[in-house]
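Working notes, beginning with the structure itself.
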Amino acid sequence: MNAKTLTTLLSLCPAFLLSIAHAADRRLVQEPAYPQHICSTLTPEPGNNQQRIQQAIERCPAGQAVKLIAANGHNTFLSGPLSMRSDTWLWVDKGAVLAASANPADYDKGNGMCGTLSNQKGQCQPFIHIDNAQGGGIVGEGTIDGGGNQIMESKTETWWQLARRAQKEGGNQNVPRLIQVDNAKNLTFYHIRLTNSPNFHLVLNKVQGITVWGIVIDTPADARNTDGIDPGAATDVTIAKSVIRTGDDNIAIKAGNSGPTRFISIVDNHFYSGHGMSIGSETNSGISDILIKDLTLDGTTSGIRIKSDSSRGGIVENVHVENVCLRNNKWPITLDTAYEGKKGNLIPWYKHISLKNVSGNGGKVVLNGYDSEHPLDVTFDGVKIDNLQGWHQQNAIVRVAEGGLTPTPSTIANATAVKTAYACEGKWLPFPAMRQ
């Protein structure tokens, strides 16, 4: 068997189907409800509303919500960074906008480096921080606006322009994330619209039991490093019925040094501009038991993507992808163990990856395993990419189940062709307008 390209044609065995059946959030997740009790209702006031919102959060009894509403023709609450408490809700009502301050000093961690380029990174606090909390969350049909397109106070460029300058000149842009969650359990994010984050929109780190349902993330395609949702060191997370367009990964499931990520469900979502449905690039603590189902990727550069390399690699296994529609993607399927080409001793190894009922048009497929001892192991079942422009494959064990694969590369002999492609008509939806 060729050491560079390992290709096997097998049927999907029952044991593998059993492992896939358990690749998901272990909770029974249903559509959330709004909080039953409101401890404080706030209307916008001129200037910075940070102190009054934070005080309302601090005084709110457990299980109740601080509600922000538009009134008297005013809808915008300008604010600096906010911290949430356990079992407390922030409710941004329909028509209301919680807008992040454009002053880097508001987010600075004490070194005067927020809003600058430097060799260090992470020198800004997030706009909203949820730390060591259990219960509660952020809900409402209003908007949280990170102001990434705003010129920073006492500066001559926006947060996003700073990020682009970092890309050209080197160094790290020190800009705030929109919502950062650390060491938390049983949180809910429901119906909220997140827009224009200077950096990542919703970061979930060391979390368990998180429900993200019906949210909208809306940031331009050219806004650098503006991931939509990033679960890392996460267990039992469901992201459902949400819409994301942004300038980086729409969703990126990660597992860096903080711990493994397991039992994640990504169900019934729609992606527009962005870098696609990603796993990685940090996989060194291990990622497993992932369900990605009922997803449209409309104009994302990448579609379904697992990315890592030996500087931050680890085992990614039991990933089941099903019922996916792709169009206008450069790389509809990318499973790559040499992402960015960085070197180290942390071997990326992708095992028991299954793609079922996937339809696309155009672009290139990349299947790049690490080596013959750590091959990529992937099964295609009803996968059809029309007008495919290229197929790159090495160190990959490729299985084709009875649903078939079209087209098949020359390295796979006697593979079953797709007889009935997964139908995507009626699944393409317009991006939702802002709720007024």
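A simple spin-label model places pseudo-atoms 7 Å from Cα toward Cβ; at Asn119 and Lys94 they are separated by 5.4 nm. The portion of the accessible surface of segment 297-436 made up by carbon and sulfur, rounded to a whole percent, is 47 (1.4 Å probe; DNA, RNA and ligands excluded). Take the alpha carbon gyration tensor of segment 235-292, find the square roots of its eigenvalues, order them as a ≥ b ≥ c, and report rounded if a/c is under 1.5; if not, report prolate when a/b exceeds b/c, else oblate. Taking the square roots of the gyration eigenvalues as a ≥ b ≥ c, segment 235-292 is oblate. Normalised by the number of residues in the chain, the average gap of Cα pairs under 8 Å and 6 or more apart makes the relative contact order 12 percent.
Filter the trypsin sites (Lys or Arg not before Pro) in segment 304-402 to those in DSSP coil with at most 10 other Cβ atoms within 10 Å of their Cβ, and list the result. Answer in residue order: Lys343.
Using the 1.4 Å probe convention, the accessible area of segment 67-155 works out to 41 Å² per residue with neighbouring protein chains retained. Basic side chains Lys and Arg get +1 at the Cβ, acidic Asp and Glu get -1 at the Cβ, and with that the dipole of segment 269-317 about its Cα centre reaches some 100 debye.
In segment 105-174, the alpha-carbon atoms span a convex hull of 118 Å³ per residue.
For the pair segment 314-387 and segment 253-301, the centres of their Cα atoms are 12 angstrom apart. Entry for segment 291-335 at q = 0.15, 0.25, 0.26, 0.34 Å⁻¹: log10 I(q)/I(0) = -0.44, -0.93, -0.96, -1.20, Debye formula applied to identical alpha-carbon scatterers, no solvent contribution. Note that segment 106-234 carries a Kirkwood radius of 15.1 Å, evaluated over its alpha carbons pair by pair.
The distance linking segment 162-240 with segment 62-121 is 14 Å (Cα centroid to Cα centroid, whole angstrom). GNM on the chain, alpha-carbon springs under 10 angstrom: the most fluctuating residue among Ala105, Ala240, Ala223 is Ala105.
For a paramagnetic label modelled on Ser86 (point 7 Å from Cα along Cα→Cβ), amide N atoms under 17 Å away belong, within segment 125-141, to 130-137. Assuming charge only on the beta carbon of Lys and Arg (+1) and of Asp and Glu (-1), the dipole of the chain about its Cα centre is about 240 debye to the nearest 20.
Of the residues Thr334, Asn323, Ser197, the one whose Cα sits farthest towards the positive end of the charge dipole of the chain is Thr334 (charges of +1 on Lys and Arg Cβ, -1 on Asp and Glu Cβ, taken about the Cα centre). Taking a Cβ cut-off of under 13 Å around Arg85, the surrounding Lys, Arg, Asp and Glu residues balance to a net charge of -2, with basic ones at +1 and acidic ones at -1.
Using alpha carbons only, the radius of gyration of segment 377-436 set against its Kirkwood radius gives Rg/Rh = 1.17. Averaging 1/r across all pairs of distinct Cα atoms in segment 95-141 and inverting the result yields a Kirkwood radius of 13.0 Å.
What Kirkwood hydrodynamic radius do you get for segment 228-343 when you take the inverse of the mean 1/r over all pairs of distinct Cα atoms, in Å? About 13.7 Å for segment 228-343. Of Ser79, Ser242, Ser410, the residue with the greatest mean-square motion in the GNM of the chain, using alpha carbon springs below 10 Å, is Ser410. Given C-alpha coordinates of segment 32-118, what is the ratio Rg to Rh with the Kirkwood estimate of Rh? Here Rg/Rh amounts to 1.03. Reported value for segment 297-436: 127 Å³ per residue, from the convex hull of its C-alpha atoms. Could you tell me whether segment 167-247 comes out rounded, prolate or oblate from its Cα gyration tensor? Rule is a ≥ b ≥ c as square roots of the eigenvalues, rounded for a/c under 1.5, then prolate if a/b exceeds b/c, otherwise oblate. Here segment 167-247 falls in the oblate category. Here segment 244-393 is assigned +1 on the Cβ of each Lys and Arg and -1 on the Cβ of each Asp and Glu. Its dipole about the Cα centre then comes out at about 240 debye.
Lysine pair count for segment 331-436 with Cα-Cα distance under 23 Å and sequence separation of 8 or more or different chains is 15. Rolling a 1.4 angstrom probe over the protein heavy atoms with all chains in place gives segment 173-225 an accessible area of 24 Å² per residue. Computed from label points 7 Å out along Cα-Cβ, the spacing between Ile151 and Thr43 is 3.3 nm. If you plug the beta carbon distance of Gln36 and Glu373 into 1/(1 + (r/R0)^6) with R0 = 51 Å, you get a FRET efficiency near 0.35. For segment 326-379, the spread of Cα positions along the three principal axes, ordered from largest to smallest, is 36, 23, 14 Å.
The values are calculated or read from the model by the stated rules, or taken from the named source; none is laboratory data. All figures in this text were calculated on a predicted structure; none of them were measured in a lab. For neighbour counting, all protein chains shown are included, and Cβ atoms are generated from backbone atoms with ideal geometry for every residue, glycine included. In case anyone asks, the SASA skips ligands and DNA or RNA and just uses the protein heavy atoms, side chains included. Shrake-Rupley method; radii C 1.70, N 1.55, O 1.52, S 1.80 Å.
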